[in-house]
Structures are given as structure tokens and as C-alpha cells.
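Note sheet for the following structure.
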Amino acid sequence: MAFLRNIWYVAAWDHEVADGRPLARTLLNEPVVMFRSSQGVHALTDRCPHRFAPLHLGKQVGNALQCPYHGLEFDGSGACTRNPHGDGSIPKAAKVKSYPMVEQDSILWIWMGDPEKADPTLIPRFESLDPENWYIGKDYLRARANYQLEVDNIMDLSHIDYLHASTLGNGNGKNAETTVVQDGNTVHSLRLNRNELLSPELERRNGLPPGTPVDRWLDVRWDPPGVMELVVGNAPTGSEDPRKAPGQIRYFQHLFSPETEHTAHYWFATSRRKDLGPEGERIVAEMIVFLRQPFETEDLPMLEAQQRTMGTADFWELRPILLPTDAPGIRARRVLDAMIKAEQK
Amino acid sequence: MAFLRNIWYVAAWDHEVADGRPLARTLLNEPVVMFRSSQGVHALTDRCPHRFAPLHLGKQVGNALQCPYHGLEFDGSGACTRNPHGDGSIPKAAKVKSYPMVEQDSILWIWMGDPEKADPTLIPRFESLDPENWYIGKDYLRARANYQLEVDNIMDLSHIDYLHASTLGNGNGKNAETTVVQDGNTVHSLRLNRNELLSPELERRNGLPPGTPVDRWLDVRWDPPGVMELVVGNAPTGSEDPRKAPGQIRYFQHLFSPETEHTAHYWFATSRRKDLGPEGERIVAEMIVFLRQPFETEDLPMLEAQQRTMGTADFWELRPILLPTDAPGIRARRVLDAMIKAEQK
Amino acid sequence: MAFLRNIWYVAAWDHEVADGRPLARTLLNEPVVMFRSSQGVHALTDRCPHRFAPLHLGKQVGNALQCPYHGLEFDGSGACTRNPHGDGSIPKAAKVKSYPMVEQDSILWIWMGDPEKADPTLIPRFESLDPENWYIGKDYLRARANYQLEVDNIMDLSHIDYLHASTLGNGNGKNAETTVVQDGNTVHSLRLNRNELLSPELERRNGLPPGTPVDRWLDVRWDPPGVMELVVGNAPTGSEDPRKAPGQIRYFQHLFSPETEHTAHYWFATSRRKDLGPEGERIVAEMIVFLRQPFETEDLPMLEAQQRTMGTADFWELRPILLPTDAPGIRARRVLDAMIKAEQK
């Protein structure tokens, strides 16, 4: 179960790393500490090379992190810039690994592979997370489950009527058509359900009169290793192509990175255009609170139960049976498997 | 530390699996879900073959269990009977393992081996657990200890005066004679103590005037892998064969199945004949509450301490010293070892 | 990461093992039970050879420990002295390992190696822990960290200004000179800081007027495997050899033994001469309460974080960078490594 290395991973929301407040997070089994300095945002190995104290327990001193144990200081490049003891000499080997890091679309992206290959233009864009033009509600959960199980979960939304029966489901999803479209290494899971009644809760939140039939589509864009945008739209039922018909469109972002083989970071968000005015800010704030509940109390326990059942076994080794609704998730797995294989050659 | 496969194991008390309320239990390291349908009582692998969700988290729909994640349904034979999505097609491989299960003498018996060999006539009878004729008090504990340590504990009741000094013991057990009798694969531990004074608590519960000397016998019947009945009797002291003398006889059942190599399920019960009238029902209810206390707060901590001390080592590898009082327990171990060896040929 | 065997380890403070109150402690991965009898203080393997019950759960009966499960009794030599069942016969193999144990300087010392080599004259003396002449404040902590990390911590007190910034530190330690002196297998870490201002707390506890500059020395004597005495002195600043100048001297003992590879026992103490009168008793009692706070809430979390960061890796394998302040701790590690290597030949 190797990880893809030469790819941009999500490491944090922009607001999670505040000036003077370093953030520790394990990514791909590696302990990382992130902090902001006047030179930007940085990611270092979270382990002093002297006595292996975690740097995140230390404090920020100017543009450097100070080790909490004996006070050595390290700048954003990972170089030791100060030994406060005796003659202050600094051994050559006193440095820590620094990871390339880019802030874009409200996300701190980290490159876990060969730094030479860290090309920022490879980062998938999330225009709907650009804080210039969007109000964004953001949250974070940690899952004791492999990140690919999380990806599968979003790529196959047929689970909504079962796992979320009392929250997001409406019992009307069974006739939805699922289509998979691949574009390079990007995989789209396109789901269309005609003549559907939304749950009362969703009708209310979408401003629809009770009992209004709609054609609803839920389209997910996946980029490796696990960054996804779900665009949900509904239009009055009956148009030839509901995606082009006038109606409502909502944006939801689901971003996953492996912490370890069997645990994952999960960042989720929803956003509304700023031209909606201050009302939009209130809406995304409320929506993210609403969404956290099913994500945390319905998805998370299921994903963690899956992981416990699977134990340390590989997904394919367990020979899952495949349904038509699995097509998008399986395609994404195949793309990622091929990229990992190519990288390991 | 292999498990015997072709044998009936206890999986649950009858009342633990109620209609519409599936019960999950790990047996021999395998996750099992039990449920009742109009066709009887069933045991399936507790893992959906689609995405490995635990089926016990789902709900019963008619005669089937519905997977909590995407809604696939499985009947008591393990066959997938419904895919609620799209055209409803069901892949051939969509089935789960079903274990033979028999309800007899208040017990749900499960066969973990080759289903072809699952002959219900091989199940040891517990006539004293037949709810037609007996009032039965039943309870359950889980032990973080190997089930054979539990068997040893019941097969050598010389521990009563030490481990249960303040509850079941009376300090008079040291002169008891222990005899072992083998009958096929059944082993009997026969214990006789002449001229004994019971503890005040037991005198009261047995309706004996304080200070009445008795000849007490405690006979255990063991069948592989770990099902036992303890029959305790006492008669006025002095008769040639106290087991045949008129006196009181009580029945206690101790049933053990491995959950894993180092944890076990423990079902215990006591029963009184129905011809005793409603008073008998009250007595067994009170008695089972009384017994749970030493079983849970004296035996369990000791067995778990033993297991921690032994770690993952095999019992024989640790070269236990053997006392005369160990004879019945050791005989049972030898019988079981031979059966496992024969099965693995 | 082997342990040195033929050496005296600290097993307990004298007061931790009281008559009739056995104490269990794992040392070098071995479960040990200690108890006092009329013949002295004893250490046995904490595991009955019959059914592997932990003996420390039993009770002391005269000069023997009684197994809590079936009542076998063992004396201080490890011999089984009583089987209370049947004819009372005792199998030859019914004995447990006994470890040589010596009580000296308020410490119970245990010998984990070849008993033939257990020469009490090899025990390092702690005259400042002799209860005849000293008031002694004693305490104990358990650390989820290797004992050598604990030794490093005491051998390099340059951490005080960082880890203990708000308690023991004063921010003035950076100019201290560190010297290492080796005498056989004993290593001394000598630290001298001239013209230093103590923290207000330490000024108060040392009876110094606020703002009094002193020359302070902190000298640690280390003996293998991890027993240390820290002698701290301060004298009015300016004398040629502050250690010989009239001033205050305080004694602090830091004693470490491995519980497992990654956990350690930590005994610490401070003592004042009895000629100080009853006031001295109050002072050491207060001081030990004061010291426990930084030791438990500052050192312990750091040492445990180090251990988590290191995982199961060997210290040298991680290629720590070395600063001049590491010299004493590294010297102690080299001495111990050489002793272990010699023992394993």
C-alpha cells in the first residue's frame, strides 16, 4: 500500500496555520510541522535533529522555530540558525527536511516527493475556494480509515439513501444514472436523478416549496490523490439537459490526505459566490455546521468500521464485488494505482 | 494455538438474538452476525462482500439483513437477495458465508468447520437447560483470557478457598478428593469433600442450619471444546456414597468459546426444575445475580492476569508444574489437543 | 538495545516495600515482586510456576508469599514451602527465580544478572541518602521513555532555560562551561556558570536577596546503568574556585532503571543533613513537592515525546547531531555501550 510521492497533497486549511502558532500533522507517516514566517508558509520535519524533540512543542522566534528542549532554532528552509549554548557553534548536519509548500485556493499544499519536481502549476485549481470571490465554510475531521475509502465514499453517492437515511437521504436515489468520465488523470463521477423529491430539510435549505419535483445532478471531480469537488444542481423536472437548465448550483469540496495507511485527514467545505452579499457568509457558516453532523456521525463511523473489518488487508486482495455504481470510484483507484506503479519503476 | 473447527461451539444464549435485533460476535477470530427470520436462526459472516461494512450495523428487512452502507440485502443462507440500485442486477459473487446453526437447550450452537460435517446429533445435551422443564438463570461475560484457562478454572475447583475466600469459599476444601473419569471425549472432574462446613452464605442459600456438617460433591462434566456442567450436591455427612444419598442437588452450566486466541466468551447459568413452582424462578434469578459477582470480580481478573503473564506463549511451552488437583483439567487439554491434531492431519 | 545484566539496579525506595505489602514492578522486561520477611527483603519472579498467576496479588503469610489462585506458598529464596491441597506434596520444579537484593542508602538494589557475581560492594554509595545522617525527600515517577534518555536529560542541564523556562530556568545558563571527567566507569558532568542571577523562586528557596549574582555549579556524578547524584552549589560571584568557596550546597538524586526498552522507572530525592535540625525535614518535604511539578509536567512529557518520535529506533541509528553540551551524556552512553558489549562476549 505505497503512497504516491510526487504529487501535491493537502496539508491544511489556510486558517489552520496562523502566525506564531505552528501546526503539527502527520502526512504519509511523516511528522510535519507547519508555520508562517515573513517569508511565507513552511513545512518541516517535526523532529529536532539533536535530540528528536518535536519542534511543534516549541515556539516561534522571529522567522524560526525554537526547539522546546535545548533551544536550537530552525528557519523555513530547515537550516539551524542558532545554537544558544557556549560558543554557539552549529554542526553542519544540524538541519531538518523542508517540504515545498504552496498556499492556493484557501489550501496549504505540500509536496512529499522529490523537491525538484514540485511544480506549483500541477496543483488542481479550486476556483470555488478562492477567498477573493467566494464565501467559504471550512471544517476538518480525522478518520481512522484509509483515505481511498473516503474517496470511494464520495465517488459513489448511492450510499446517501442508506447511510444518511434520516439526514441527507430521501429514499428516491435508486433510479439515478451514474456515468464515469475520465480526462487525463482526472475522473468525473456524474450522477443524475430525474423527477426526484428532495428531503424536507434540503427542500427548505434550497428554498423549494414542499413536494417540488426536480431533476437533480451530483457531479464529482476527482484529482489524485484524493481532492474532490462535488457540484450539486437541481432544475425543475423535465428539461432535456438539467445541467444546462436554469436552477440552483451548490459547491462542496472534499479533500483527503493519508495520515498513515489506516488513518486520513479530511477537509470539507462549501462555498457561495460573494456577489450573493453578506447573506452568503451566513449560509455557508450554517451549512458547514449542518454537514458536519452526518459527515462525523454517519460517514465517519461507517468508514472506520470498514477499516476495522478490512484490518491491514489490501482492498483488492479482499476481492470486493463490484456494482455499476462503483464505476467512478474504481476508475479513480485504477488511475492512482497506475501512477504509483509508474513512480516506483 | 489452532482451534478445533469441526465441532459445535456455543455462539449465544437463545434470548440474546431477538427477532429484528441482529447480534454481532467474533468467534475463532471470525466476525459473525446472528439473526432470526421466519426460517429460523442464522449466522453469517459479519462483512458485506461489496465494501466490507459490518452487516450487524444494518437493519433486518423481512427475512434479510440490509447492509447499512449501500443497502444490499442478504438472507439466512448468505445469498444477496436485493441490490436496490439501477437495474438491480446482483453479481454472482455477492454472497456471504453462512454457518450452520442449531437452537437447543437454550443455546444457539454454531458450526465453524466443514458444513458437510455439521451433524446436530453431535451437540452435547444440557437437559438442565431445557426451558420446557427448567427455570433457567442465564448471564454472559467476556474475558480477556484464552478459553482453555477458563476450562482449567472450572475443572480444578480447589481454587475456591483462595480466589473466592470471602464469597464461595469456606476454608474447608483442602481435604477434598479429586478423581478424573474419561468417557470417550467427555471428561469428568469429580470432587468429594466429606464432613465439610459450608460458608454461612451457602448454608443460608441451601436452607441448612448453621454449622451442619455435610458431605459435598462438585462434579463437572466437560465436553470439547469448552462446555461444562457442574452438579453440586450435599448430603448429611457419613453416608457411604453421598452422591446416592438423599440431599440437595444444584446445576450450574459454564460454557466457553474462543473469541480470539487471547479472549473468550463465557456463558453461565443455573437452573431449577419447574416442578418447584414459581419460587424456582425467583431462586434462579437471585442466584445468577449472586454468582455473577465472584465470577466477574474474582475469576475474571485472575484469568486475565494469568493471560497477561503468559502473553502470547503457549501453555505447555511455559512448563507449568502439575499438582494432583490438575488431573481433570490436564486430561481435558490432552483430549482437545489430540482432536485438533487429528483434524489437522 | 540489550540491557546490562551484571550490575546493581535500583528496584525501589526502601519505604515502597512495607512489611505485609508486596510490591510488583517490571524491571528489564521481567515481572518482579518484592516483599519483606523476618529474613530481610526479597525479590522473586512475579509469576506462580503452577498456573502463572501474579504472586503480588496474593498475600503474605509469615515469611512466604501465598499465590492468590490456588494458595501455593513461596519463601524469599523462591522455594515452594506449602501446597495446601490433598497430601500436600510439592513437585521439585515448584520454585520461582529469586533475585539478589540489598538495602543500602534508602534504596532497594536488585541484581538482574548471574547471582554468583552479585557483590554488594559494587553498589555505588549515596552517602547523602543514608537515613542515619540525612533528612530525605523521596518520590517516584514512571516514564514512557527509555532510561538512557532520562540519563541524557540530567547529564545535559543546558535544557533548563528552555524546558523549564518558567520554573527552574533563569535565562542565564547560556554561558555555562560544561566539563566531562571520567573516573573508571563513573562519569562526571561538571557545569559552572559565573555571575549568574537565579530565578526569583530559587533565590527565595536559597535565602538569597533578590538580584544577588552568584557563581553556580551543577555537578552530576553518573554510575552505570543510570544512578546519578546532582550536587548544586552557589557562592558569591568572583572567587577563583567557587566549588571551594563558602556557599550553599544542595544534593539531588536521580535514579533510573529500565522497565522495558521504552519505559523507565524514575526515583528522585533531595536531602539535607540532620544537623540542620527538624527544619531540614520540612525543607526536603517541601522541596520534593516543588520538584515533582517540573519533573512530571515538563521533563516527562518531553522525554515521552522524544521516545514517540524515536519509535523503536536505536539512538545512534538516528544519527543525532552532537553539541559540546552533549559531551557528558555521550561519554556515559559510550561507557555503558562498552560494558554491555563486554558482557555479551
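General remarks:
- Between copies, the label points at A:Ser89 (set 7 angstrom from Cα along Cα-to-Cβ) are spaced 7.4, 7.5 nm, reported in nanometres from shortest to longest.
- Long hydrophobic helices in chain B: the complete DSSP H runs spanning 18 Å or more by Cα along their own axis with mean Kyte-Doolittle hydropathy of at least -1.0 are B:278-294, B:327-344.
- For region B:312-345 versus region A:252-285, the inter-centroid distance based on Cα atoms is 59 Å.
- Note on region B:78-140 and region A:151-183: Cα centroid distance 33 Å, given to the nearest whole angstrom.
- Gaussian network model of chain A, Cα within-10 Å springs - most flexible of A:Gln66, A:Gln39, A:Gln104: A:Gln39
- Cα gyration tensor shape of the protein assembly as shown, rounded if a/c is under 1.5, else prolate or oblate by comparing a/b with b/c: oblate
- Less than 5 angstrom separates the built amide H of C:Glu196 from those of C:Val214, C:Asp215, C:Arg216, all sequence-distant by 5 or more or on a different chain.
- For region C:130-344, size of Cβ-based charge dipole, Lys and Arg +1, Asp and Glu -1, in debye: 260
- Surface share of carbon and sulfur [accessible, 1.4 angstrom probe, percent] for the protein assembly as shown: 51
- Extents of chain A, taken as max minus min of Cα coordinates on every principal axis and listed largest first, are 79, 50, 34 Å.
- For region A:124-244, the square roots of the Cα gyration tensor eigenvalues, ordered a ≥ b ≥ c, give a/c below 1.5, which places it in the rounded category.
- Per residue accessible area in Å² of the protein assembly as shown, where ligands, DNA and RNA are left out and the probe is 1.4 Å: 41
- Within a straight-line Cα-Cα reach of under 26 Å, A:Lys274 can be paired with the following lysines, leaving aside sequence neighbours fewer than 8 residues apart in one chain: A:Lys138, A:Lys244.
- Taken residue by residue and averaged, Cβ atoms of other chains lying within 10 Å of the Cβ of A:311-324 number 4.
- Here the chain C residue lying nearest the rotation axis onto B, judged by its C-beta and given with the distance in whole angstrom, is C:Thr312, 10.
- Extending 7 Å from Cα along the Cβ direction at C:Asp337 and again at C:Ser38 yields two label points whose distance is 5.2 nm.
- Among B:Asp326, B:Asp275, B:Asp139, the largest mean-square fluctuation in a Gaussian network model of chain B, built with springs joining Cα atoms closer than 10 Å, belongs to B:Asp275.
- The distance linking region B:198-216 with region B:1-45 is 40 Å (Cα centroid to Cα centroid, whole angstrom).
- Net charge, B:Ile330 excluded, C-beta distance under 11 Å - Lys, Arg +1, Asp, Glu -1: -1
- Rounded accessible area of A:Tyr69 (nearest 10 Å², 1.4 Å probe): 10
- Calculated FRET value between B:Asp19 and B:Thr260, using beta carbons and R₀ = 30 Å, to 0.05: 0.55
- Summing Cβ point charges (Lys, Arg +1; Asp, Glu -1) relative to the Cα centre of the protein assembly as shown gives a dipole of roughly 540 debye.
- From its DSSP helices (H runs of at least four residues, each -39,500 (n - 2.57)), chain B gives a residue-normalised ellipticity at 222 nm of -5500 deg cm²/dmol.
- Among A:Glu127, A:Glu261, A:Glu16: highest mean-square fluctuation, GNM of chain A, C-alpha pairs under 10 Å: A:Glu127
The values are calculated or read from the model by the stated rules, or taken from the named source; none is laboratory data. Everything numeric in this text was worked out from a predicted model, so none of it was measured. Backbone-built Cβ (ideal geometry, glycine too); neighbour counts: all protein chains shown. The accessibility values were calculated without ligands, DNA or RNA, using every heavy atom of the protein model including side chains. Shrake-Rupley method; radii C 1.70, N 1.55, O 1.52, S 1.80 Å.
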